Every structure is written in structure tokens, then in C-alpha cells.
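This report concerns only the one structure given below.
The values are calculated or read from the model by the stated rules, or taken from the named source; none is laboratory data. Everything numeric in this text was worked out from a predicted model, so none of it was measured. Neighbour counts are summed over all protein chains in view; Cβ atoms, including those assigned to glycine, are modelled from backbone coordinates with ideal geometry. What goes into the accessible areas is simple: the full protein's heavy atoms, side chains included, and nothing from ligands, DNA or RNA. Shrake-Rupley method; radii C 1.70, N 1.55, O 1.52, S 1.80 Å.
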Amino acid sequence: MPDSPSTNQPELSVSELAASLKRTIETNYDHVTVRGELGRVTIAKSGHMYADLKDDKAVLNTIMWRGQVDRLTFRPEEGLEVVATGRLSTYEGRSSYQLIATTMRPAGAGALMQLLEERKKKLAAEGLFDAKHKKPIPYMPRTIGVITSPTGAVIRDILHRIRDRFPVRVIVWPALVQGDQAAAQVTAGIRGFNAMTGADRPDVLIVARGGGSIEDLWPFNEEIVVRAAFESEIPLISAVGHETDTTLIDYVSDRRAPTPTGAAEIAVPVRTELMLSVGESGQRLKRALTRSLSRARDKLGSARLPRPESLLQSKRQRLDYAAASLPKAALALTQRARLKLSRLQLSPATLRTEIRAQRQRLRDSAVRARPALMRLIDQKKAALTAEGKLLETLSYQATLKRGYVIVRDTSGQIVRNSGQARTLEVMRVTFADGDVTAAPFEGDTPPPAPEKPRSAARAKKGEQGDLF
């Protein structure tokens, strides 16, 4: 007989006991807030986060689902002290309990400052804060892009300051400047302005928000915002918080303004000051020109130059003398020419004698030229005959007469070797006295000659041909 039970307590299965414990824990610890240090932080491909929340004596498994992870304003990292809020539950498969966290925040400003310093060192090591990457702010921009909240006092201060100093076109990109979605919206604004083309593309950007605690300003410390500001092709001015507030976007921006109003002052000059400066420059230029003309006039007066009339007097006198002597000189020149002509003693008899002498000289030249021309012709004939003999000796026809031939294919190309000849069916062989057609053969015995056809005479007589 089996032993009877010693007590009347009901027996529970393992699953029933695990379910009872789960109900008890979830009922009694449905809302808890835990402070501890993060360890072994893992974000799965699904977006869920698995981490250990620990202190010096205990470790609490912690899970945060993807929806809550996406709303975190910081990046959970191992070693960061945080405050997590959620509910306790159990995992029956491993007999362990765990915290299902719904919210999580760094434990105080000290933890945030430590995280900020670590992130700052990382980005500085990558060179994002180097001064060589800073771009100059345009002196007179035509369009300014502002990324901020459209309903706050910041945008009103910026617009008012720009309107007072130098009215230009302002395009506002609405973005949250505080909360879980602020970093993503500010990043979208920077990249959206850079993606614009045409006349609407701003010449300078301003990222602005008012002052606040480190938690309020934390979106401007996020890595995605800092990298978007670094990659911006448009010069960027950061105006986040008050003068004493510093965020990571301040280090990577091209200029930092202590306040949003200060950003407007950096972005545009003062129009009235420009007008005064232009007016003063015009007056200085006018005074300088007047002084320059006065000095030139004084220098010209002190040079003691002669009067224009005195400079022309000597030239006029020389012209008068030349005009007076011109008739006499022309008359003397004419007389000298007449005298020279009279000395030539030209007459018809003299001209006939000169003509006869020139004719005789021409006849003598013709008599001497004919033998010389014949000798020259004989020399050219002899040279031409020698060149012809040399050409005949060197021509290929002379070579063919000595027993050589030229072998060509059917297209007229020369066959230069036996290998090429073997590939042809018919060749054209050129002798000195004409061409014949031949077929190549291999071996020592030529192919048999084609049988001669019987003559027509023998066919008529009915003669019988040879048997062999």
C-alpha cells in the first residue's frame, strides 16, 4: 500500500507555480522606479533593448521594447547611471524576474555631463571640431534659413532683429527644440535646407532655441544633429540657449552666437551703418580727388612752363624762311636739269649709231649661243641614256629575262613562300614574255598532264585511239 500524504496541501505543477509567482510579482510591483548602472546593453535587430541594471550587490534584467527605445533622448551605454520606470515580471523559461521598462533617463546632470564629455572626446577625435572645416559667413546674405520652433519667442526675436538691421528673406523650418523628436526634426531641417536648389536655397542657416536645463538642451548634443551640422554645405550659426549654455552643435558650427538675437546680428550687417559707411567713403573719395587736383595744379604752376605762343614762334620763323627760299631753289634745280640734258647731245644720227651697235652685239651673242645650246643638249641626252640603261638593269623585267618568275594569287597579291602557295588552288605565274596559270602540287612527281582530246580529223576517219 502506498504511503498516505502527510498533509492535505494540494500539489502544484511547475507551470502553475511559475504562473502564480508571475501574477503575484506583476500585481505587487506593477509600477516601480529603479536607479542603477547600465551593464551589458544590447539593442536587437528588432529594436528592443536588453540590458542589466545593477549596483554593487545585485543585478536586475531589464527589457525595453522598441517603441520606448525610439523615444529615448540619449543613447544607453554601459556604465551610465540611469533611472528606469516600469513593472516587474517573470520569465518562466529561466525562472528569472525582470524589469519591463517604459521610460529611462540619466540619473542626474552628473551622468549627462559624463556622457556629454565622452561624446565630445569621440567627435573631437574624428576631427569634427577642427577650425579648418569652418566656413566663412557671407557678409550680405540674400536668404536666411532658420531652424527653430515657429511658435516660440526665439523666432520673433530673430525676425525682429533682422528687420531692424537689414531686411532680407527669411525661411523658417519648423522643428521641435525639446523632447524625444527634437533631434530628428533639427537634423531634417539642416539636411532639407542643404538639399534645396535655385533662388530659395539659403545663404546661411541659424539653428536656435532659448535657454534651459541640460536635459532641455540635450537634443543639440545628439550625434545625428552634430554630424548634420558638420556635413552642411551652407554656413551654419548655432544659437542654442543662453551665453553660458554650451552644446556640441556649438563646437561644430561655423559660428556660435550667445543668443538667438546675437545670431541675427552675426548673419546680417546694419543697413544704416552701411549707408553711412558708403556715404563717408564717397565723401572721402571726393575730398581725396579734390586734393589730388589741387596738388597737380600747384605742381603745374610751379613748373614755370613757357607760353604756347613762345613755343611756336621759332617754328613759324623757320617756315617763313623755307617758303621764301622755295622758288629760288626750284628754279636752280630746273636749270641744273636743263644743263645736264643739253650735255647729252642727243640727235637722230647718234641714236641710229647706238641702235646698229646694239644689233651687232645681239648677232654676236646669237652666234655664240647656238653651239653652246647644242653642247648642253648632247650632255642631257647622254645623261638620259645612262639613266635609262641603269633603270633597265634594275627593273624586274630584266630579272624575269634571267629566268625568274613572279607568283601571284587570283587577287593579284604576291605569293612569297611555299606554305602560302600550298593553300591556293590556282596561281598566276608571270614570265618575261607573259603570264600562265598553274596549280600547286606536293612531292617530287608532278601531276599527270591532261589527256589530249582526239583531233577532229581522226574522229572523222573513224580511227581507233590508243588503248593505253
> Here are some conditions: (1) among the charged types (D, E, K, R); (2) open to solvent by 90 Å² or more (accessible area, probe 1.4 Å); (3) assigned to a helix (DSSP H, G or I). R304 meets all but one. Which one does it not meet?
Replying inline: (3)
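Filter region 101-110 for residues that are surrounded by fewer than 18 Cβ atoms within 10 Å (Cβ to Cβ) and in contact with a strand residue (DSSP E or B) (Cβ under 6 Å, 6 or more places away or on another chain); which is modelled with the lowest pLDDT? Spell out how you get there, then give the answer.
Going residue by residue through region 101-110, those that are surrounded by fewer than 18 Cβ atoms within 10 Å (Cβ to Cβ) are 102-103, 105, 107-110.
From what's left, in contact with a strand residue (DSSP E or B) (Cβ under 6 Å, 6 or more places away or on another chain): 102-103, 105, 107.
Values: T102: 91, T103: 90, R105: 83, A107: 77.
Filtering first and then ranking leaves A107.
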> Within region 92-112, can one find any residue that is closer than 25 Å to V225 by Cα, in contact (Cβ under 8 Å) with a residue 24 or more places away in the chain, of a type in the set (D, E) and assigned to a loop (DSSP other than H, G, I, E, B)?
Replying inline: no
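Pull up region 1-15, narrow it to residues that are over 29 Å from E92 (Cα atoms) and open to solvent by 100 Å² or more (accessible area, probe 1.4 Å), then point me to the one that is modelled with the lowest pLDDT. Before the answer, list the steps.
So in region 1-15, the residues over 29 Å from E92 (Cα atoms) come out as 1-4, 6.
Still in the running and open to solvent by 100 Å² or more (accessible area, probe 1.4 Å): 1-3, 6.
Working: M1: 46, P2: 50, D3: 53, S6: 58.
Of everything passing the filter in region 1-15, M1 is modelled with the lowest pLDDT.
Please state which one of A263, A330 is of a type in the set (A, V, I, L, M) and out of contact with any strand residue (DSSP E or B) (no Cβ under 6 Å at 6 or more places or on another chain). Full working, then the answer.
Values: A263 fails: out of contact with any strand residue (DSSP E or B) (no Cβ under 6 Å at 6 or more places or on another chain).
After applying the criteria, what remains is A330.
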> Within region 253-301, can you find the residues that are farther than 30 Å from L123 by Cβ, in contact with a helix residue (DSSP H, G or I) (Cβ under 7 Å, 6 or more places away or on another chain) and open to solvent by 70 Å² or more (accessible area, probe 1.4 Å)?
Replying inline: R271
> Which one of these does T73 not meet: (1) under 30 Å from Q185 (Cβ atoms); (2) free of Cβ contacts under 8 Å to residues at least 60 places away in the same chain?
Replying inline: (2)
> What number of residues within region 218-245 are crowded, with 23+ Cβ neighbours inside 10 Å and touching a strand residue (DSSP E or B) at 6+ places or on another chain (Cβ under 6 Å)?
Replying inline: 7
>> For region 162-180, give me each residue that is within 18 Å of E265 (Cβ to Cβ) and open to solvent by 80 Å² or more (accessible area, probe 1.4 Å).
In response: R163, D164, R169
>> Being over 32 Å from the mean Cα position of the chain (by Cα), farther than 30 Å from E273 by Cα and in contact (Cβ under 8 Å) with a residue 40 or more places away in the chain narrows it down to one residue among D157, D180; which is it?
In response: D180
> Residue check, L390 against (1) more than 30 Å from A432 (Cβ to Cβ); (2) surrounded by 10 or more Cβ atoms within 10 Å (Cβ to Cβ); (3) not acidic (D, E), all met but one. Which one?
Replying inline: (1)
>> Anything in region 111-154 that is buried (at least 18 other Cβ atoms within 10 Å of the Cβ), farther than 30 Å from E78 by Cβ and within 38 Å of the chain's Cα centre (by Cα)? List them, or say none.
In response: P141, I144, G145, V146, I147, T148, S149
>> Name the single residue that is modelled with the lowest pLDDT among those in region 32-44 being assigned to a strand (DSSP E or B) and open to solvent by less than 70 Å² (accessible area, probe 1.4 Å).
In response: G39
> G212 passes all but one of (1) more than 18 Å from I234 (Cα to Cα); (2) open to solvent by less than 10 Å² (accessible area, probe 1.4 Å); (3) of a type in the set (G, A, S); which number fails?
Replying inline: (2)
> Does region 413-442 hold any residues that are without any contact (Cβ under 8 Å) to a residue 12 or more places away in the chain and not hydroxyl-bearing (S, T, Y), and which are they?
Replying inline: Q413, I414, R416, N417, G419, Q420, D433, G434, D435, V436, F441
> Is it fair to say D433 is loosely packed, with under 10 Cβ neighbours inside 10 Å, at pLDDT 85 or above and over 60 Å from the mean Cα position of the chain (by Cα)?
Replying inline: yes
> Of the residues that sit in region 45-69 and are at pLDDT below 85 and of a type in the set (D, E), which one is most open to solvent (accessible area, probe 1.4 Å)?
Replying inline: D56
